[in-house]
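The values are calculated or read from the model by the stated rules, or taken from the named source; none is laboratory data. On a predicted model such as this, the values are computed, not experimentally measured, just so you know. Every residue, glycine as well, gets a Cβ built from its backbone with ideal geometry; the counts of neighbours run over all protein chains shown.
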């Protein structure tokens, strides 16, 4: 293709709550020139394309939006997968593993049959395991298969810490790593506000204590359960996280984001996709950022890896 005519194309697979919220946020931020919506429910996807197109006069830039099919993935730079079974009240993300792995095998086969040779971004739960599945099914290099990982958990963490200390959440630097789920962990040893550690903020200012911080993490870890109890699903936060990732990829930002990345010895682990800070750019994951975890954090991270591997084992033993 003529470089002067080169445009960014995103193919979105799945126009449910998360997918349609992602499409809406993507349009409002003007990040891609083309967006194709793909879904088994053709009428829903076509209706979303119509509805989004009607908002173009209010958008920051021109975006071509249409309902399409898997052949449209052939010229896509990025495929974003939000399709799959949703988490129900009382159900963990890991409970979804078998049914969504079966769904994903068919989806990935269709994507690759189109001649696709870009980056795949996975958001469906359990995201770490399904990102591994996409990597296996697609045959793409590990750096070009990325999961949303703990990007939303990290955002929730920063929001709640900013609210607690009454500072702009964008000035809070803290990470949630591990499984996007019940075994995730906060990296307190590297959490800071404006270069001052969270522990120093807690010690030097009245009204702050470690018990509150522990509760903040529990609220982060269990946020999805609380939201699902109230409204049936979570979608706005993760949709905005996916847009942030899309921007980092298409604009070659080299941004550090907590995504589900493949480990090859980092943190003492291998052959696993799991949430860690990584540098993200136009080629996908440039590198994993290996934080110097303390002994307790490393033990919790190792446990998170082991839980994921134990859950994956019966599903992937024949792959």
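Summary table
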| item | result |
| --- | --- |
| Selection within region 159-171 - more than 18 Å from the chain's Cα centre (by Cα) and at negative phi | 160, 161, 162, 163, 164, 165, 167, 168, 169, 170, 171 |
| Any hit, region 94-105, residues being surrounded by fewer than 17 Cβ atoms within 10 Å (Cβ to Cβ), out of contact with any helix residue (DSSP H, G or I) (no Cβ under 6 Å at 6 or more places or on another chain) and modelled with pLDDT of 95 or more | no |
| Test: residue in region 99-107 that is closer than 21 Å to residue 34 by Cα, in a helix (DSSP H, G or I) and not assigned by TED's automatic domain parsing to the domain that holds residue 207 | yes |
| Enumeration of residues in region 125-136 that are free of Cβ contacts under 8 Å to residues at least 60 places away in the same chain and either assigned by TED's automatic domain parsing to the domain that holds residue 276 or in a helix (DSSP H, G or I) (or both) | 130, 134 |
| Test: residue 152 is closer than 30 Å to residue 206 by Cα, surrounded by 20 or more Cβ atoms within 10 Å (Cβ to Cβ), modelled with pLDDT of 95 or more and in contact with a helix residue (DSSP H, G or I) (Cβ under 9 Å, 6 or more places away or on another chain) | yes |
| Checking residue 156 against (1) closer than 24 Å to residue 221 by Cα; (2) under 16 Å from the mean Cα position of the chain (by Cα); (3) not in a helix (DSSP H, G or I), the condition it does not meet | (3) |
| Region 263-311, residues that are closer than 25 Å to residue 252 by Cα and part of a helix (DSSP H, G or I) | 266 |
| Residue list for region 15-28, restricted to those being under 18 Å from the mean Cα position of the chain (by Cα) and not in a loop (DSSP other than H, G, I, E, B) | 17, 18, 19, 20, 21, 22, 23, 24, 25, 26 |
| Near pairs, Cβ below 8 angstrom, 6+ apart or cross-chain, from region 158-184 (more than 29 Å from residue 272 (Cα to Cα)) to any residue that is at pLDDT 95 or above and in a loop (DSSP other than H, G, I, E, B) | 161/174; 161/191; 162/168 |
